[in-house]
Amino acid sequence: MTILLLGSGGREHAFAWKMIQSPLCDKLFVAPGNAGTASIANNVAISPTDFDAIKAFVLQEKVGMVVVGPEDPLVKGIFDFFKNDNDLKDIPVIGPSKLGATLEGSKEFAKEFLMKHNIPTAAYDSFTAETVEKGCDFLETLQPPYVLKADGLAAGKGVLIIHDLAEAKQELRNMLVGQKFGAASSKVVIEEFLDGIELSCFVLTDGKSYKILPTAKDYKRIGEGDTGLNTGGMGAVSPVPYVDAVLMEKIETRIVKPTIEGFQKDGIEYKGFVFIGLINVNNEPIVIEYNVRMGDPETEVVVPRMKSDLVELFLAVANEKLDEFELEIDERSATTIVVVSGGYPEDFEKGKVISGLETIEDSIVFHAGTKLDNGNVVSNGGRVLTVTSYGNNFEEAIKKSYQNIDKLHFDKMYFRKDIGNDLK
């Protein structure tokens with residue numbers, strides 16, 4: 001089978017790394033890919049949201065399956081584009097329908113879905129520029145800190161947590177009236193702050209049955225000790241050491257099952273990943289948000305722990321036979337550390353030559369923001385590389401990742417040195 005994978009980050013490199021291990025995958029194309037995917041698959045210069053170009057390519061190369069990495073093409077409706085096109089309708093797309101993808105595309109839609117299906121989540125209300133002063137009044141009814149979320153897609157950066165009421169009101173006005181996040185913050189959800197430990201639960205569903213994938217915890221802040229600005233993610237650990245069978249059972253019965261049943265009740269076609277961002281408050285799991293694809297960098301620790309054939313798993317999703325699939329998981333821990341460009345998540349420079357990649361031992365380097373330039377691998381984004389390692393426990397795995405990062409170099413390279421410290 002010829003497969004097309006959409007995306008260009010560490011998540012996509014991890015998917016590609018796993019899919020080419022399958023005897024079912026004859027040829028793998030990645031659009032647009034990065035320097036890492038170029039070394040194991042065929043990169044194609046097509047944007048993941050250019051559906052017409054994707055159609056032409058899929059027909060030309062006789063692609064048998066499309067796997068969608070990032071959220072943008074899903075929110076824009078690539079699943080429906082294939083389903084409603086006579087030439088494409090028999091080619092499976094791994095990812096939800098446009099309606100399903102609205103769970104990530106609109107925070108308000110997600111909150112309404114959670115409330116409707118009695119899935120535990122924080123109290124909330126939503127506001128627009130016209131109701132901004134009502135929003136300020138609503139803030140006065142809450143205890144600090146205050147959580148403001150841009151309703152639309154803001155590349156993982158549209159959530160503000162503010163301790164001062166006056167500042168929260170000012171930021172609400174900045175988002176709604178000042179368009180701080182552009183169209184993404186034309187509507188803002190304000191919700192109560194939940195105090196607990198965050199974790200990610202990943203589910204793969206064919207719309208009827210589901211498989212729960214290994215848990216992971218990522219680290220969002222740029223600075224050590226979880227300080228500074230939010231990023232796309234600076235590292236991840238799987239499994240999450242404090243998630244025991246009791247908590248997992250609560251997550252499945254109170255959150256996963258009602259979510260999949262909610263898709264069926266609401267007529268939402270969903271064949272893909274559900275990434276449930278949770279917070280554990282006094283051993284009670286509560287949903288913070290849904291994402292409709294795998295997380296990044298969590299994919300770089302979850303996928304390496306999957307022993308099963310990933311292409312076979314995706315075919316089971318496409319054919320609604322997931323209930324017959326036996327998912328095998330590696331018992332070892334996996335950790336990943338993200339190496340970023342200096343200045344990220346604000347202004348940073350690209351085009352820095354990366355050295356030391358060939359010296360890595362006993363770890364896997366997944367490329368994120370990289371490209372090939374005159375035979376050199378150079379930085380091409382904020383998050384540049386992720387270094388993933390296995391270990392009998394997460395401490396052992398983390399140690400290996402840090403030892404290998406010491407062999408890598410590019411100008412102004414930065415990484416957090418405290419990933420996993422909170423779990424010790």
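The values are calculated or read from the model by the stated rules, or taken from the named source; none is laboratory data. The structure presented is a predicted model; accordingly, all values stated were derived computationally and were not measured. Every residue, glycine among them, receives a Cβ derived from its backbone with ideal geometry; neighbour counts consider all protein chains shown. Protein only, heavy atoms only, side chains kept; ligands, DNA and RNA dropped before computing areas. Shrake-Rupley method; radii C 1.70, N 1.55, O 1.52, S 1.80 Å.
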* Structure fact -> Toy charge model, Lys and Arg Cβ at +1, Asp and Glu Cβ at -1: segment 1-132 dipole around Cα centroid in debye, rounded to 20, equals 360 debye
* Sum up the charges of everything whose Cβ sits under 15 Å from the Cβ of K352, counting Lys and Arg as +1 and Asp and Glu as -1, but leave K352 out. => 0
* Sum of side-chain charges, L4 neighbourhood, beta-carbon under 13 Å (Lys, Arg +1; Asp, Glu -1) -> -1
* To do: Could you order L385, L59 by accessible surface area, starting with the largest, using a probe radius of 1.4 Å?
  => L59, L385
* Point-to-point label distance, K321-T2, nm (Cα→Cβ direction, 7 Å offset) -> 2.4 nm
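Tell me, what is the per residue accessible area of the chain in Å², probe radius 1.4 Å?
41 Å²
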* Asked: Tell me, what % of the accessible area of the chain is carbon and sulfur with a 1.4 angstrom probe?
  -> 47 percent
* Just give me a number: lysine pairs in segment 4-98, eight or more positions apart or cross-chain, with C-alpha atoms less than 19 Å apart. => 13
* Structure fact -> Accessible-area order for E191, E224, largest to smallest, probe 1.4 angstrom, reads E224, E191
* Total charge dipole magnitude, segment 279-323, about the Cα centre, Cβ charges on Lys, Arg, Asp, Glu only, Debye to nearest 20 -> 100 debye
* Formal net charge of residues neighbouring A397 (Cβ-Cβ distance under 11 Å; K, R +1; D, E -1) -> +1
* Would you mind checking which residues have amide H under 5 Å from T121's amide H? H placed 1.01 Å from N; only 5 or more apart, or other chain. => V287
* To do: For n ≥ 4 DSSP H runs only, could you compute -39500 (n - 2.57) per run for the chain, divide by its residues and tell me the 222 nm figure to the nearest 500?
  => -7500 deg cm²/dmol
* **Residues whose placed amide H lies under 5 Å from that of G207, excluding near-sequence neighbours** => G272
* Structure fact -> For V339, other-chain or 5+-apart residues with amide H closer than 5 Å (H placed, Pro excluded) are V384, L385, T386, V387
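What does the charge dipole of the chain about its Cα centre add up to, to the nearest 20 debye, if the Cβ of each Lys and Arg holds +1 and the Cβ of each Asp and Glu holds -1?
Approximately 500 debye in magnitude.
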* Structure fact -> Residue-ordered couplings for segment 34-51, obtained by feeding phi - 60° into the Karplus form 6.51 cos²θ - 1.76 cosθ + 1.60 and rounding to whole Hz (Gly and Pro as x), are 8, 4, x, 5, 4, 7, 10, 9, 10, 6, 10, 7, 10, 6, x, 9, 8, 4
* Each residue of segment 53-60 in order: what ³J(HN,Hα) in whole Hz does its phi give by Karplus 6.51 cos²θ - 1.76 cosθ + 1.60, θ = phi - 60°, with x for Gly and Pro? -> 5, 5, 4, 4, 5, 4, 6, 5
* Asked: Can you tell which of Y146, N174, N283 lies farthest toward the positive end of the dipole of the chain, using +1 and -1 charges on the Cβ of basic and acidic side chains (Lys, Arg; Asp, Glu)?
  -> N174
* **Whole-Å distance, taken between Cα centres, linking segment 48-75 and segment 336-412** => 28 Å
* Asked: Once phi is turned into ³J(HN,Hα) by the Karplus curve 6.51 cos²θ - 1.76 cosθ + 1.60 with θ = phi - 60°, what whole-Hz value does each residue of segment 391-406 show in order, with x for glycine and proline?
  -> x, 5, 8, 5, 4, 5, 5, 4, 4, 4, 4, 5, 4, 6, 4, 4
* Considering only lysines 8 or more places apart in sequence, or on different chains, count the pairs in segment 153-226 whose C-alpha atoms sit under 30 Å apart. => 15
